[in-house]
Amino acid sequence: MTLVWLKWYTLILLIIFMSNCKDDFYESHWKTPIPYQGPAPSTYSSLEKQLNPSDCGTCHSKQLNEWNSSIHSKTVSDGFLWQLETMPLEKRKTCYSCHSPLSESSDTLESYLDENGILKQDKGLHNRPKFESFSKGLENPGLICASCHVRQHTRYGPPPAKIPSVDYLPNESVTDKERITTLPHNGYIPKEEFENSEFCKNCHQSKETGVFLNGKQLMETYSEWKLSRFAREKISCQSCHMENRSHTWKGIHDKDFVRNALDIQFSYKKRNSVLELTGSIESKNIGHLFPTYTIPQIRLELFAIQNGKQIIIKQTSIGRLIDTNLSQEFYDTRLKPGEKLSLISEFPLPVAGELTVGFRIDVNPDELYIRTFEERMNDEQIHLSESAKKSLISAIQEKRSSQYNLFTLLKPVPLL
C-alpha cells in the first residue's frame, strides 16, 4: 500500500513540476519589455546577427510574406502612433508590452517623440536608433519575428512538424557540436508551449489590474476559450488562427475566415396574410465569444424590397457596446461558442406587385476605434500636433474601410 501511494505521490509531483515549468517559460518569455538582445555570438554571420523581419525572410520567405499580410505586422500603425503624444511614459510602456514588446522596438517608438513628447514628422530609418541587431534601424517597431522567436539571440519555436534529418537543438545531449554550429543561428530550441493557447494569453487577455465593466475585463479572449469545449477538446488558438502554422493570424477582419466559422440561415413562411421571416446566425467554429473583445460590432437586418423600394423590417446588433472612455457598458449581446441567434419578424403580404425579402449581415471590425477616433478628432480640448493629426485622419480612413458585408441573401416571393 505504501509503495502504491509513493508512486501516486511521485506522479503528482511530476505533474506539478511539469506544469510549473510551462508557467515559468511563459512568465520569462513574455516578461516585458523583452531585454535587449545584446551582442550576437561571434560565430554568427552578419545576416544571422540581424533581426529585422526582412533579414529573417531571407530564409523564411513564406512566414515573412504571411506576416506582412497579417494584423500582427500592423500593431504600430497610424491608429497607434497618434496616441503616443497623448499618453505619459508609463502608459506608453503599458501599450508597448503588446504592440512593441522588444526593448529595441519600444526605444525606437520613443525616438518618434521629441523632448516635449510631440510626434515627429520624420520617422524614417535614418532617424531611428541603431542596435547591433538592427544596425540599419528597426524597419517595423511593432510585433516582429524576434518578438516571439528570439531571446538573447537564441531562436525558439514549436517542435518540428516532421522529424528532421538533422538536430535543430544545440543542447548538451548532442555530441557533434560542430554539426550543430553549421546550422543557421545554431539551430533553435523547440518548445511545445508555442502550440498552446497560453502562448497567446499575454496579449489577448487583459491584466487583472485593468478596467472591469459589469464584472468583465475589456479583453477576455483567453478566459472565453478556457470555458469553451475547444479548451476541453484541446483545440488551441493556433489550431484556427495559425492553421498549418500559417503566420496570417486571420480573424474578424477576414470575411472568408469569419463566414466559415458561422452557420447562417434565412427562410420565410407564408401564413395567411403575412410573411414570417427568420434569419439566424450560429457560432459553429469559434472558440471564444463572437465577436471577442469590445471593438467589433455585427449588424443583422431583415428587409423587404417592394416595388423597387427597400423597407427595413427588423434590425439587431451582436457585440459589446461600451463608451469611448471605457467606463460604461451599454449592452453585451455576443454569442457564446455554439450559441445561435434568430432574428424573427412578420411582414404584411401584399396582394399584387413585386416583393423580395432579404437577410443581411454587416461587420464593422473597428467600430469602437472609429467612434473613439472621430470623437477625439472633434474634441477641441485635445491639442494634437500636425503629425499626430495626420496619423489620426489616416487611422479613421483605415478603420472605416475595414467594414464589409458578410452575408446578403435575397428571396423573391411569388404573389398570386
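With the contact rule set at Cα under 8 Å and sequence spacing of 6 or more, what percent relative contact order holds for segment 278-320? If you can, show how the numbers build up before the last one.
Values: 48 pairs, mean separation 16.2, N = 43.
Normalised by residue count, the contact order of segment 278-320 is 38 percent.
In whole percent, how big is the carbon plus sulfur part of the accessible area of the chain, probe 1.4 Å, protein atoms only? Accessible surface attributable to carbon and sulfur in the chain totals 55 percent. Distance between the C-alpha centres of segment 137-152 and segment 314-385: 36 Å, rounded to the whole angstrom. Cross-link partners for Lys270 among the lysines, with Cα-Cα distance under 24 Å and sequence neighbours closer than 8 places in the same chain left out: Lys309, Lys314, Lys340, Lys411.
About its Cα centre, the chain has a charge dipole of approximately 1100 debye under the convention of +1 per Lys or Arg Cβ and -1 per Asp or Glu Cβ, with nothing else charged. GNM remark for the chain: springs join alpha carbons under 10 Å apart, and the peak mean-square fluctuation among Ile370, Ile311, Ile34 falls on Ile311. Please check: in the Gaussian network model of the chain (C-alpha springs, under 10 Å), which one of Val357, Val258, Val274 has the largest mean-square fluctuation. Top of the fluctuation ranking is Val274.
For segment 187-338, the ratio of Cα radius of gyration to the globular rule of thumb 2.2 N^0.38 Å stands at 1.29.
Protection proxy ranking for 280-286, 219-225, 190-196, using the average of other Cβ atoms within 10 Å per residue and placing the highest first: 219-225, 280-286, 190-196. Given [x] 1.04; [y] 1.19; [z] 1.37 as candidate values of Cα Rg over 2.2 N^0.38 Å, which corresponds to the one derived from the coordinates? Computed from the coordinates, Cα Rg over 2.2 N^0.38 Å corresponds to [y]. Take each uninterrupted DSSP H stretch in the chain, measure its Cα extent along the helix axis, and return the ones at 20 Å or beyond whose mean Kyte-Doolittle hydropathy is at least -0.5. Passing helices, by number: 2-29. Using C-alpha pairs under 8 Å with a sequence gap of at least 6, the mean separation divided by the residue count of the chain gives a relative contact order of 14 percent. Packing around the peptides 71-80, 384-393, taken as the average count of other Cβ atoms within 10 Å per residue, puts them in this order, highest first: 71-80, 384-393. Note on the chain: with a GNM built from Cα contacts shorter than 10 Å, the maximum mean-square fluctuation among Lys120, Lys309, Lys91 falls on Lys309. Considering only Gln381, Phe199, Thr278, whose Cα is most displaced toward the positive end of the charge dipole of the chain, charges sitting on Cβ of Lys, Arg (+1) and Asp, Glu (-1)? Farthest along the dipole direction, towards plus: Thr278. The residues of segment 217-321 present an accessible area of 50 Å² per residue when probed at 1.4 Å with all protein chains retained. For segment 43-163, the relative contact order is 34 percent, taking Cα pairs closer than 8 Å that sit 6 or more residues apart in sequence and dividing their mean separation by the residue count.
Rolling a 1.4 Å probe over the protein heavy atoms gives segment 40-81 an accessible area of 49 Å² per residue.
What does the highest-first list of 44-51, 199-206 look like by mean Cβ count within 10 Å?
Highest mean packing first, the order is 199-206, 44-51.
The values are calculated or read from the model by the stated rules, or taken from the named source; none is laboratory data. For clarity, every value in this text was computed on a predicted model and none was experimentally measured. Cβ sites come from the backbone with ideal geometry, for glycine too, and all protein chains shown count toward neighbours. These area figures cover heavy atoms from the full protein model, side chains too; ligands, DNA and RNA do not enter into them. Shrake-Rupley method; radii C 1.70, N 1.55, O 1.52, S 1.80 Å.
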